[in-house]
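Trainee: This is the structure I want to talk about, given as structure tokens.
The values are calculated or read from the model by the stated rules, or taken from the named source; none is laboratory data. Just so it is clear, the structure is predicted and the values come from calculations on it, not from any experiment. Methodologically, a virtual Cβ is constructed for each residue, glycine included, from the backbone with ideal geometry; neighbour enumeration extends over all protein chains shown.
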Amino acid sequence: MQEDAYNSPGEATYYYPVIGRKNTGIVADRLLITDMQKNYPYQFSLFILGYSAIQGVRNTSLGIALPDNGLPAASFFEIAAIHGKPYREYVGDKKSPKERVADYDENNPKDTLPTPSRFGGYCNHGSVTFPTWHRPYMLLIEQAMGNAADRIAANIEKQYPAEIGKWVPEAQKLRFPFWDWADPATNPQGLPAVLYEDTVVITLPGGKSATVQNPISYYTFQGGIPSDFTDIYNAPTNTTAYFSKWTRTYRHAPSSPQGGTDIAAAQTAIESQASHLSSGIGLLFAFPDGMDPAIAYDEFSNAVTESKRQEDFNNTGALEALHGIIHGTIGGNGHMTNPDYAAFDPIFFFHHCNVDRLIALWEWCYPSYWMGDGYVHDGVSYSWTQPRGTFAQVYNEQLLPTGARGNLYPFRNDNGTYWTSEQTRFLDANAYPKYYSYPEFQGVKVDQTATDAERAAGRARIAKYYGFDPQQAATQVDIEAWSHLPVPSPQSAGLPETFQAIKSYRVFVVLVQLPEHAFNASYQFELHKNSGNQTDLVGTVTVFARPDYSPCTACALRREMGTTVRGIITLPPSLVNDIIVKQRCRRWQRNSRNDDRGNCAELDGKAVGYIAHVSPPNILPSGVTLFSAAVAEKADDKTYPVQLYDWQKHNALFTNGWKDQTKQSTPASSGVLTSLLGWLQGRG
């Protein structure tokens, strides 16, 4: 196979076109990594060898003619560096003199000339372009790996005539695999071994096998540590990431220059987040019918949410916020936790492949929800804005899905123009070609068109698979204890007559709003359940942020604006049930009632402080507030997606700052318990 066409690196303008697996001429599925390893041995072997090749790792003992590193623009280092450090233009996007003109104005006092260059990165976080920018980014790594795998497959069939027809066709079908980090069936078991073990077994010609270095486990910096890598101190955890000294990537590293990976800590972290991640993804597929398309897309796509600044969200969460949890959970005191270094950990692209899969499922379910040319709020039209850090627009320029203001730098098409957000949409035959899809999931094949009814049924199945199923949950709570919860008629919220309320049931979530740049590092808000001597994590909101001395121009501008990151923590129905039943028991005991029902006595022995511990304790969040919503279902079609309505804001949980449980003499005096019980007083 030949490398993609490109301009000669010696020319004034050079670009490496991002065309994915166009040279295969077919659309093929991106597979779950464990499925690829188990059921597609040739593809798995070619992936391991191709991913190793672009990382600069070549095992000469395998009896296979392996390719060299190829073009610099297709190397793992250069592709990973797009996401952050070292801050320089992507080598595959050398602009012409004309394209470099005009973003620096010496008469503008805010426009100072940085040293050593004008470049300020490609940050597309906290923006409606978060999903669209990362799609061609994934296409680029898939293309580089796939092209290397093509050459390996061709070499094998050339060296071993008996293998002809076995490797090249599998290489053509090879796409970058994903890891479904929210899968409720596997995530509680932690990371799959293939994502962290240092060696892996692959298939060789003739049915043989070999144990080779696993290119997913870590990446070694081939040319030495870049000169602008700096150590980062994380105040909330009192640890230092020694990026200037670590010659390879680490996960949950100790706070020492020697580095190391604590895989047990990573496993524990993933296991503790399993339920929260699953329910959070499920809630993303509970966006109601009939929302304003632009505002719906804004809420789904990013954690900053430009279209709304107050606590008036739909409270179904943001994909970017959930994605940030994985960065912190996998990274710990390691590379994945910091945006400037995250993409150097090879697991980054498995994570973002799953993010892309979730985007594909969501846009299939909600094809009309889209950023458009802007949004309307309180009757006023606004444009999307994006603080850019490239040689193009730098300040808050209007952001559009197409045209020059929709360019997704540094990703160019094969004609030299840049990818735009509009081009990234959808994976069906009518969309801009991308040459990949995903396996069928809950009856949904994202590269196939569908009717509105099929899309609705699909999103209901996806939500339930990931754990958002109010209809089932309502059958498992103490209905008598919940009977006093206010559940108004769905028609009072404008829902059609075909919808009926699920009686005596509400969905509870905690909206967390955090200052993006409170620390010079990423940090986490953790909400815990305390019951007796046991403490369990309920949910997390991660702020995925760069330090203030990062060269990221977009980050600096967001810091000046004081941006706030938003995340949703779903409260498990079982936890809410315990709180409500406990409150009812207390009322029964006060009123000398005798209908304790047995479970009252059991709960009465538990500590009252269900949720009182939040960390870190030393910063005031922008807001941590309990919300609830009633649930409506279609009376004549229980498979139709439920509709959340009557969102009610309850008490703020932490009005005097984040409370550390160890400093509280009465943990029950704060948190969800007080907020919920205060609202329940006098009801029932």
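Trainee: From the list 480, 440, exactly one residue is surrounded by fewer than 18 Cβ atoms within 10 Å (Cβ to Cβ) and under 23 Å from the mean Cα position of the chain (by Cα). Which is it? Show your work before the answer.
Mentor: Working: 480 fails: under 23 Å from the mean Cα position of the chain (by Cα).
Of 480, 440, the one residue that is surrounded by fewer than 18 Cβ atoms within 10 Å (Cβ to Cβ) and under 23 Å from the mean Cα position of the chain (by Cα) is 440.
Trainee: Right, here's the next one. Looking only at the range 233-261, count how many residues are charged (D, E, K, R), within 27 Å of residue 187 (Cα to Cα) and either surrounded by 17 or more Cβ atoms within 10 Å (Cβ to Cβ) or free of Cβ contacts under 8 Å to residues at least 24 places away in the same chain (or both). So that I can check it myself, show each step before the final result.
Mentor: Residues of the range 233-261 charged (D, E, K, R): 245, 248, 251.
The next check asks that each one be within 27 Å of residue 187 (Cα to Cα); those that pass are 248, 251.
Filter once more, so that each one left must be either surrounded by 17 or more Cβ atoms within 10 Å (Cβ to Cβ) or free of Cβ contacts under 8 Å to residues at least 24 places away in the same chain (or both): 251.
Number satisfying all stated conditions: 1.
Trainee: Somewhere in the range 455-462, is a residue within 24 Å of residue 286 (Cα to Cα), modelled with pLDDT of 90 or more and of a type in the set (Val, Ile, Thr)? Let's see the steps before the verdict.
Mentor: Quick first cut of the range 455-462, residues within 24 Å of residue 286 (Cα to Cα) only: 455-462.
Filter once more, so that each one left must be modelled with pLDDT of 90 or more: 455-462.
Remaining after also requiring of a type in the set (Val, Ile, Thr): 462.
So far as the range 455-462 goes, yes, one or more of its residues are within 24 Å of residue 286 (Cα to Cα), modelled with pLDDT of 90 or more and of a type in the set (Val, Ile, Thr).
Trainee: Same structure again: Tell me yes or no: at least one residue of the range 40-55 is free of Cβ contacts under 8 Å to residues at least 24 places away in the same chain and either charged (D, E, K, R) or farther than 30 Å from residue 554 by Cα (or both).
Mentor: We begin by selecting, within the range 40-55, every residue free of Cβ contacts under 8 Å to residues at least 24 places away in the same chain; these are none.
No, there is no match, as no residue in the range 40-55 is free of Cβ contacts under 8 Å to residues at least 24 places away in the same chain and either charged (D, E, K, R) or farther than 30 Å from residue 554 by Cα (or both).
Trainee: So in the range 195-226, with the set limited to residues that are crowded, with 19+ Cβ neighbours inside 10 Å and in contact with an Asp or Glu (Cβ under 6 Å, 6 or more places away or on another chain), which one is farthest from residue 251 (Cα to Cα)?
Mentor: The qualifying residue farthest from residue 251 (Cα to Cα) is 214.
Trainee: Look through 341, 297 and report the one residue that is more than 20 Å from residue 370 (Cβ to Cβ), buried (at least 24 other Cβ atoms within 10 Å of the Cβ) and among the aromatic types (Phe, Trp, Tyr).
Mentor: Working: 297 fails: more than 20 Å from residue 370 (Cβ to Cβ).
Within the list 341, 297, the selection yields 341.
Trainee: Condition first: modelled with pLDDT of 95 or more, part of a helix (DSSP H, G or I) and touching a Pro at 6+ places or on another chain (Cβ under 9 Å). Can you find one or more residues in the range 162-169 that meet it?
Mentor: Of all residues in the range 162-169, those modelled with pLDDT of 95 or more come to 162-169.
Narrowing further to those that are part of a helix (DSSP H, G or I): 162-163, 168-169.
Adding the requirement that they be touching a Pro at 6+ places or on another chain (Cβ under 9 Å) leaves 162-163.
Yes, the conditions are met somewhere in the range 162-169.
Trainee: Still on this structure, I have one more. Looking at 169, 161, 192, 136 in this structure, which one is surrounded by fewer than 22 Cβ atoms within 10 Å (Cβ to Cβ) and closer than 30 Å to residue 322 by Cβ?
Mentor: Details: 169 fails: closer than 30 Å to residue 322 by Cβ; 161 fails: closer than 30 Å to residue 322 by Cβ; 136 fails: surrounded by fewer than 22 Cβ atoms within 10 Å (Cβ to Cβ).
Answer to the check: 192.
Trainee: Further, regarding this structure: Any chance you could count how many residues in the range 248-281 are in a loop (DSSP other than H, G, I, E, B) and among the aliphatic types (A, V, I, L, M)?
Mentor: So the first thing to find is which residues in the range 248-281 are in a loop (DSSP other than H, G, I, E, B), and the list is 249-262.
Remaining after also requiring among the aliphatic types (A, V, I, L, M): 253.
Adding up the residues that qualify gives 1.
Trainee: For residues in the range 1-30 being modelled with pLDDT of 60 or more and polar (S, T, N, Q), which is surrounded by the most Cβ atoms within 10 Å (Cβ to Cβ)?
Mentor: Here the residue is 24.
Trainee: In the set 202, 152, 156, which member is β-branched (Val, Ile, Thr), touching a strand residue (DSSP E or B) at 6+ places or on another chain (Cβ under 9 Å) and either touching a residue at least 24 places away in the same chain (Cβ under 8 Å) or on the phi > 0 side of the Ramachandran plot (or both)? Reasoning before the result, please.
Mentor: Values: 152 fails: touching a strand residue (DSSP E or B) at 6+ places or on another chain (Cβ under 9 Å); 156 fails: touching a strand residue (DSSP E or B) at 6+ places or on another chain (Cβ under 9 Å).
On inspection, the qualifying residue turns out to be 202.
Trainee: Quick check, is residue 406 under 14 Å from residue 132 (Cβ atoms), at pLDDT below 90 and either exposed (fewer than 15 other Cβ atoms within 10 Å of the Cβ) or touching a helix residue (DSSP H, G or I) at 6+ places or on another chain (Cβ under 8 Å) (or both)? Let's see the steps before the verdict.
Mentor: Values: under 14 Å from residue 132 (Cβ atoms): yes; at pLDDT below 90: yes; either exposed (fewer than 15 other Cβ atoms within 10 Å of the Cβ) or touching a helix residue (DSSP H, G or I) at 6+ places or on another chain (Cβ under 8 Å) (or both): yes.
Spelling it out, residue 406 is indeed under 14 Å from residue 132 (Cβ atoms), at pLDDT below 90 and either exposed (fewer than 15 other Cβ atoms within 10 Å of the Cβ) or touching a helix residue (DSSP H, G or I) at 6+ places or on another chain (Cβ under 8 Å) (or both).
Trainee: Would you tally the residues in the range 320-338 being under 14 Å from residue 544 (Cβ atoms) and either touching a Phe, Trp or Tyr at 6+ places or on another chain (Cβ under 6 Å) or polar (S, T, N, Q) (or both)? Outline the logic, then answer.
Mentor: The initial filter retains those residues of the range 320-338 that are under 14 Å from residue 544 (Cβ atoms), namely 320-332, 334-338.
Filter once more, so that each one left must be either touching a Phe, Trp or Tyr at 6+ places or on another chain (Cβ under 6 Å) or polar (S, T, N, Q) (or both): 320, 324, 326-327, 329, 334-335, 337-338.
Count: 9.
Trainee: Give me the pairs, please: first residue somewhere in the range 521-539 and among the acidic types (Asp, Glu), second residue anywhere and modelled with pLDDT of 85 or more and outside any loop (DSSP other than H, G, I, E, B), beta-carbon distance under 9 Å, and either six or more positions apart or on two chains.
Mentor: As it stands, the answer is 526/537; 526/538; 526/539; 526/540; 526/541; 536/272, since those pairs meet every condition given.
Trainee: How do the pairs read when you match residues in the range 438-450 that are under 16 Å from residue 185 (Cβ atoms) with residues anywhere that are β-branched (Val, Ile, Thr) and at pLDDT 95 or above, using Cβ under 8 Å and keeping only pairs 6 or more apart or on different chains?
Mentor: As it stands, the answer is 441/462; 442/462, since those pairs meet every condition given.
Trainee: Turning to a different aspect of this structure: Would you mind finding the one in 569, 579 that is modelled with pLDDT of 85 or more and farther than 27 Å from residue 240 by Cβ? Can you show your working first?
Mentor: Values: 579 fails: modelled with pLDDT of 85 or more.
So the residue among 569, 579 that is modelled with pLDDT of 85 or more and farther than 27 Å from residue 240 by Cβ is 569.
Quick grid of which residues meet (1) charged (D, E, K, R); (2) more than 31 Å from the chain's Cα centre (by Cα); (3) in a helix (DSSP H, G or I):
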residue: 486; (1), (2), (3): no, yes, no
residue: 513; (1), (2), (3): no, no, no
residue: 538; (1), (2), (3): no, no, no
residue: 548; (1), (2), (3): yes, no, no
residue: 555; (1), (2), (3): no, no, yes
residue: 559; (1), (2), (3): yes, no, yes
residue: 574; (1), (2), (3): no, no, yes
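Trainee: List pairs: first residue in the range 177-188 and farther than 15 Å from residue 465 by Cβ, second residue modelled with pLDDT of 90 or more and basic (Lys, Arg) anywhere in the structure, Cβ distance under 8 angstrom, at least six positions apart or on different chains.
Mentor: 177/30; 178/30; 178/357
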